[in-house]
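First up is the structure itself, then whatever we jot down about it.
We did not get these values from a lab; they are worked out from the coordinates using the rules stated. Nothing here was measured: the structure is a model prediction, and the numbers come from that model. A quick note on method: Cβ atoms are made from the backbone with ideal geometry, for glycine too, and the neighbour counts reach across all protein chains shown.
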Amino acid sequence: MKEKIYRFMIGRNGADQFSRFLSFAALGVIVVNLFVRSAVLSALCLALLIWSYCRVFSRNIPRRRAENERYLALRYRVTGYFSGLTDRWKQRRDFAFFRCPGCKAMLRVPRGKGKIRVTCRKCGNAFERKT
Ligand SMILES: [Zn+2]
């Protein structure tokens with residue numbers, strides 16, 4: 001039986017992070033639907049599961065891989081944003097944070113120094129800010 005499954009999966013995409021995310025999203029929708037009981041959510045859940053399984057059994061591996069890459073890039077941006085928020089929250093007493101007007105990079109300067117001239121380390125843009 002294991003051998004059969006193995007042979008069936010040759011040349012197929014298999015479970016990647018994006019497929020797993022889709023299954024978890026479907027699971028989340030099921031849990032929500034226990035309370036809401038909506039036909040739309042049931043359809044959404046089914047669609048997510050079908051999408052997930054189609055990706056797992058897909059033979060178009062380059063395309064599935066590209067999708068997975070896009071998903072990972074997006075996930076990285078979201079988790080990066082939140083870990084940035086918690087870091088800033090921990091350091092809020094000692095440092096002030098703002099974005100560079102030139103390149104939008106997040107800059108950190110010591111708090112309580114009055115008006116200072118900030119030079120962006122990423123793009124070299126200089127501007128004045130009160131801290
Ligand atoms: Zn900059």
(request) Sort segment 1-86 into rounded, prolate or oblate with this rule: let a ≥ b ≥ c be the square roots of the eigenvalues of the Cα gyration tensor; rounded if a/c is under 1.5, and if a/c is not under 1.5, prolate when a/b is larger than b/c, oblate otherwise. (result) oblate
(message) Suppose a student asked you for the relative contact order of the chain, using Cα pairs under 8 Å spaced at least 6 residues apart; what percent would you report?
(response) 18 percent
(request) Count the net charge of all other residues whose Cβ sits under 10 Å from the Cβ of Glu67, scoring Lys and Arg as +1 and Asp and Glu as -1. (result) +3
(message) Output needed: Cys residues of the chain lacking any neighbouring Cys C-beta below 4.7 Å, sorted by number.
(response) Cys45, Cys54
(message) How would Met9, Met1 line up from fewest to most surrounding beta-carbon atoms within 10 angstrom?
(response) Met1, Met9
(message) With Kirkwood's inverse mean 1/r over C-alpha pairs for Rh, give me the Rg to Rh ratio of segment 91-131, two decimals please.
(response) 0.94
(message) Roughly how far apart, in whole Å, are the Cα centres of segment 86-117 and segment 1-64?
(response) 42 Å
(message) Ignoring everything except DSSP H segments at least 4 long, calculate the 222 nm mean residue ellipticity for the chain; use -39,500 (n - 2.57) per segment, divide by total residues, nearest 500.
(response) -20000 deg cm²/dmol
(message) So for segment 91-131, averaging the separation of alpha carbon pairs under 8 Å that are six or more residues apart and normalising by length, what relative contact order in percent results?
(response) 34 percent
(request) Within the set of other residues whose C-beta is less than 14 Å from the C-beta of Asp87, count the net charge using Lys and Arg as +1 and Asp and Glu as -1. (result) +4
(message) With 10 angstrom as the radius, rank Trp51, Trp89 by how many other C-beta atoms surround their C-beta, starting from the fewest.
(response) Trp89, Trp51
